[in-house]
1. List, in order, the whole-Hz ³J(HN,Hα) value for each residue of segment 39-46 obtained from phi through the Karplus relation with A = 6.51, B = -1.76, C = 1.60 and θ = phi - 60°; use x for Gly and Pro.
2. Using Cα pairs closer than 8 Å and at least 6 residues apart in sequence, work out the relative contact order for segment 159-204, in percent.
3. Note down the accessible area of residue 271, probe 1.4 Å, to the nearest 10 Å².
4. Using only Cα atoms, figure out Rg for segment 228-376 and give it as a multiple of 2.2 N^0.38 Å.
5. Which whole-number value in Å³ per residue fits the convex hull of the alpha carbons of segment 501-582?
6. Assuming R0 = 35 Å, can you tell me the calculated FRET efficiency for the pair residue 221 and residue 145, based on Cβ-Cβ distance, to the nearest 0.05?
7. Place +1 on the Cβ of every Lys and Arg and -1 on the Cβ of every Asp and Glu in the chain, take the dipole about the Cα centre, and give the residue among 583, 446, 633 whose Cα lies farthest towards its positive end.
8. Let me check I have the definition right: for segment 113-166, take the eigenvalues of the Cα gyration tensor, multiply each by 5, take square roots. What are those semi-axes in whole Å, largest first?
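The values are calculated or read from the model by the stated rules, or taken from the named source; none is laboratory data. Just so we're clear, the structure is a prediction, and the values are computed from it rather than from any experiment. Cβ placement follows ideal geometry from the backbone for every residue including glycine, while neighbour counts extend to all protein chains displayed. The area values use the complete protein model at the heavy-atom level, side chains included, leaving out ligands, DNA and RNA. Shrake-Rupley method; radii C 1.70, N 1.55, O 1.52, S 1.80 Å.
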Amino acid sequence: MKKKKGIAVLIVCFAIAFVLCTGFFASGSVLTVHADETEEFEIDENNVLVKYNGTAADVTVPEGVVKIGAEAFYGNMNIQRVKLPDSCTVIGEYAFSSCMSLNSIDLNKTVTIEHGAFMGSALNTLHIPSSVRTIGESAFGSIFNLSKVTMDDGVESLGNNCFRECHSLNEIQLASTVSVLGSYVFSSTGIRSIDLPEGLLEIPNNAFESSSLQSVEIPSTVKTIGSYAFNSCWSLTGVTLNEGLEVIGENAFSQTMLTSVHLPSTVRDIRDWVEYTDETGSYIFNNHCFFNLSGLASITVEEGNEYYDVYNNALYSKDHSRLIIYPSMNNATTLTTHPDTKIIMERAIQYCFNLTDVVLNDGLTEIAPYAFNYCGSVQNINLPSTLEKIGGGAFIGMSKVKEFIVPEGVKVLGTEILYDGVFQDCSGAEVITLPDTLENIYGAVFKNCSSLKTITIPAFLTTLPADFITGCTGLEYIYVDPENPTMISDNGVLYVDEGKTLMLYPSGLKNYTYTVNEGTEVISSSAFYGNNYICVIELPSSVKSLGDNVFYNCKNLVTVDLYDTGIISIPTRAFFGSGIKFIELPDNIVSIGDYAFEDCKNLTQIDLKNVSSLGMWAFSASGLTSLYIPDTVVNIGNGILQMCENLISVRYSASMNTLPSA
């Protein structure tokens, strides 16, 4: 009987084993291993831990597992500490990512740490053993609690974004064997100092961008420092560049607090000559590695450098044809350029608040865009007769210079692809003399030159950009060379298109009335902008259209005679903030644009006549006391009477079945 019972038990065991085995092979992939009598670990036939199902705080991965698979522990909120077996050599992609309680791990015999393996976890400190060779992209990125990292020799490469945004990471010891760093590897970390190992060949793009580095020495084995490598390291006050370095990328040290820089003899390229090409043409930009160093006081070059030299505190190309950088905080009050200088490069001399006098050499042919960017203390600058080209924003913000004389020979002012003008924000300039040879100007060339009283348009300059003289509140008169074929001046008022368009009525012109010339068809955008003298404007019957902002902020404007014109629309912000008090719309006006009469405090009434459309905020904050909306109106924008404090009544035609939504 006992024998039969034993046989039965044996049969049952075989049956169970058969079911388990056939179940495994049917699925073809996953075997559930029972560790400590729980189903915590899912391990496949290749001994890869595919999934952890447990809830323990302390986890010991079973011996025999060779890899932690992709996302095996992803998002587990319970685990705090993990110990890996000697058999495990690979940690897969995002294996422990977003484990927000994981603060400790023993990497043991790990060789490879893949993409995002611990990203967003809660590790406090990290020790990387000598077994590890490669650390993948973003492996330890965005671990906000991580404060200290140590590495044993053996580690060879750190991937892109490896420790990026580890904001608390302020102490790191790199292995001496590290030879490859990825881009953004230590970007946005709290690292204050770091010993970079000899053997490193490159500091990649953005490697330390926005970190807390205070000083750094570049190993002699490094040949290239990438673009933006140390950009926005606002605490970086010192850098040692060793012999052997050849290339420093665009903006590599921009927006740091470096006070001095010494270039080794081996440096051949600091990205001071970068060519950009698009459908409009080719342009050269000075995107040098030390751009926007507000504290830089000196720059020196090792003797024997074949590409760069220093003259009168400024960095030049070796042949002195290009002035590349003048230190912003240099104590000198006078800058005299080298006799062989041909071009002052883009942003070469910016925010130099100690400079008062600039002496430019004969032979200089070009001043590039933003060359003297906001040098607000400069009082005197000469423009040599050899000058041919001045780029957009070249003298922007030189607010103390009273006179600029552009020499004969200059044919173009500004840069076609730039809005900023050559003399923009030169608020102290009283005289700007343009040469007879001038043919083109680009951008807001005289924008905010508030002290400028007059300007003369030369004969060959036949077109003007729309905002060429915006903000010139003191401008009283515009002269035009009689030989100019397309422009005329009528008592200081500028007409273009052979007199068909009134382009500009100077803001400082002290007339109380003005009659626009017969034959004028267009009043340009912002034509009378900000003139606080004009009271009455008469338009001829030939006028067909008004531009946006045409009478904007004309505080003393009382009335504009529109009645006999062919105007069909009052454009956007046409009378915004003006003093307009009386206005009679002609029968042909069908629309009033957005904000057209906003903030017109003196306007108490208006007859809409045949208007069919009222733009949004058309009369907001005006002085209207009442408004009648005729049955011709089919569209009303939002807020047309918003904040009209004196408004008593709004009426509309009895024939209107519904009031259009506002």
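1. Per residue, the Karplus-derived 3J(HN,Hα) values read 9, 7, 10, 9, 10, 8, 5, 8 Hz.
2. Values: 83 pairs, mean separation 22.0, N = 46.
Once normalised by length, the contact order is 48 percent.
3. Residue 271 has an accessible surface of roughly 70 Å² with all protein chains in place.
4. Details: Rg = 14.6 Å, N = 149, 2.2 N^0.38 = 14.7 Å.
So the Cα radius of gyration is 0.99 times the expected 2.2 N^0.38 Å.
5. Details: hull volume 5.7 nm³, N = 82.
Enclosed volume per residue, from the Cα hull, is 69 Å³.
6. Details: r = 33 Å, r/R0 = 0.95.
E(calc), rounded to 0.05, equals 0.55.
7. About the Cα centre, the residue reaching furthest to the positive side is 633.
8. Working: eigenvalues 57, 34, 13 Å².
The equivalent ellipsoid of segment 113-166 has semi-axes of 17, 13, 8 Å.
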